[in-house]
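> Okay, here's the structure, questions in a sec.
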Amino acid sequence: MIGMHGSYAVNKLLNQSDVIVAIGMRFDDRVTGKLQEFAPNSKIIHIDIDPAEHGKNIKPEISIIGDAKNILNTIISLINKNNHKSWLEQFKKLKQEENKTFKEYHQKFNGIIMSEVIKTISEKTHGQAIIVADVGQNQMIAAKYYQYKKFNSYITSGGLGTMGYALPTAIGVKIAKPNDLVIAVCGDGGFQMTIQELGTIMQEKIPLKILILNNHYLGMVRQWQDLFFEKRYSFTYLENPDFLTIAQGYKIKALKVDEKNNLEKSIEEFLNYDKAIILEVVVEKETNIFPMVPVGAANYQVRLK
């Protein structure tokens, strides 16, 4: 990943690249950071089916309009094999720096961290589940820490930023893919925006798995208030209902875990249950998602903490 919550290494090294092949990319501000400082020395080849996207934000060296699969199949035979070992080694070193910093950051917290929840689910499902993410910190965590092994298995609203997206979309995904393991990953805020869809799940008996990462905040907005407004929190704290009681009203099994010692066992029960189930994990309230490129900054100014 590149951009606001993308890889530390990619954000640091992108501006050193000679050529960028951008496939189906909008060059929106969450990707480019400060537009004037985005890859100023790179030649950009932009492949996109929509003519309106070409040159909208970034002027490419070459524009190719059409179906990405057809275009790539056409040009791949023209490309010579190479390895760029020393170039890739730079990425590896920065990745190690990122991992070391994250480990030190997470050690400051005693409670459950969102990333360890997703990592555990990834390991238990061997990367084979379809993850439908809501919007906010849970969305970034699901993108970064689930090790996807299947094509088209991360479903999200992307740049639309639609809170409440995960639950109804996961219902549609499960109906379309009834034999696949489908997990809706929600924050406590987004979940409540479409919570009434539990009625659809109950009525249609849809065996969907719903993960609620509950930090009692609108987490991404709180993160900005923390990092850029000296923790002057405004309307981001959430006084949440009892999700287990609500689930009971919809005849849906629900589990709650708030201690690390019980996390793995609860996840196993959640994954093995063959009907609709909710797993509420009470996570640390004030963890932030890093790396992060501050608004108005260039990608190479990415923060690790």
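The values are calculated or read from the model by the stated rules, or taken from the named source; none is laboratory data. Fair warning: this is a prediction, and the values are worked out from it, not measured in the lab. No Cβ is skipped: glycine too gets one built from the backbone with ideal geometry, and neighbour counts run over all protein chains shown.
> List the number of the failed condition for LEU35; all other conditions in (1) more than 24 Å from the chain's Cα centre (by Cα); (2) under 30 Å from GLY161 (Cα atoms) hold.
Checking LEU35 against (1) more than 24 Å from the chain's Cα centre (by Cα); (2) under 30 Å from GLY161 (Cα atoms), the one that fails is (1).
> Let me confirm something: among ASP180, ASP188, ASP134, which residue is of a type in the set (Asp, Glu), surrounded by 13 or more Cβ atoms within 10 Å (Cβ to Cβ) and touching a helix residue (DSSP H, G or I) at 6+ places or on another chain (Cβ under 7 Å)?
Residue meeting the stated conditions: ASP134.
> If only one of GLU89, GLU98 is closer than 30 Å to ILE183 by Cα and not hydrophobic (A, V, I, L, M, F, W, C), which one is it?
Answer to the selection: GLU98.
> Could you run through the stretch 141-166 and say how many residues are surrounded by fewer than 24 Cβ atoms within 10 Å (Cβ to Cβ) and among the hydrophobic types (A, V, I, L, M, F, W, C)?
At the first step, the residues of the stretch 141-166 found to be surrounded by fewer than 24 Cβ atoms within 10 Å (Cβ to Cβ) are 143-164.
Keeping just the survivors that are among the hydrophobic types (A, V, I, L, M, F, W, C) gives 143, 151, 155, 160, 163.
Within the stretch 141-166, residues that are surrounded by fewer than 24 Cβ atoms within 10 Å (Cβ to Cβ) and among the hydrophobic types (A, V, I, L, M, F, W, C) number 5.
> Taking the conditions exactly as written (touching a Leu at 6+ places or on another chain (Cβ under 8 Å), surrounded by 11 or more Cβ atoms within 10 Å (Cβ to Cβ) and of a type in the set (A, V, I, L, M)), does ILE71 satisfy them or not? Show your work before the answer.
Numbers: touching a Leu at 6+ places or on another chain (Cβ under 8 Å): no; surrounded by 11 or more Cβ atoms within 10 Å (Cβ to Cβ): yes; of a type in the set (A, V, I, L, M): yes.
Spelling it out, it is not the case that ILE71 is touching a Leu at 6+ places or on another chain (Cβ under 8 Å), surrounded by 11 or more Cβ atoms within 10 Å (Cβ to Cβ) and of a type in the set (A, V, I, L, M).
> Considering only the stretch 22-41, state which residues are surrounded by fewer than 17 Cβ atoms within 10 Å (Cβ to Cβ) and either at pLDDT 95 or above or farther than 25 Å from ASP67 by Cα (or both).
Scanning the stretch 22-41 gives ILE23, LYS34, LEU35, GLN36, GLU37, PRO40, ASN41.
> Pick out, from the stretch 1-90, the helices (runs of 4 or more DSSP H) lying fully within it that include 3 or more residues that are within 29 Å of ASN288 (Cβ to Cβ).
So the answer is 8-13, 29-32.
> Please state which one of GLY172, GLY190, GLY161 is under 12 Å from the mean Cα position of the chain (by Cα) and either farther than 18 Å from LYS119 by Cβ or among the aliphatic types (A, V, I, L, M) (or both).
GLY161
> For the list (1) in the same structural domain as PHE151 (by TED's automatic domain parsing); (2) modelled with pLDDT of 95 or more, I need the number of the one condition that SER115 fails.
(2)
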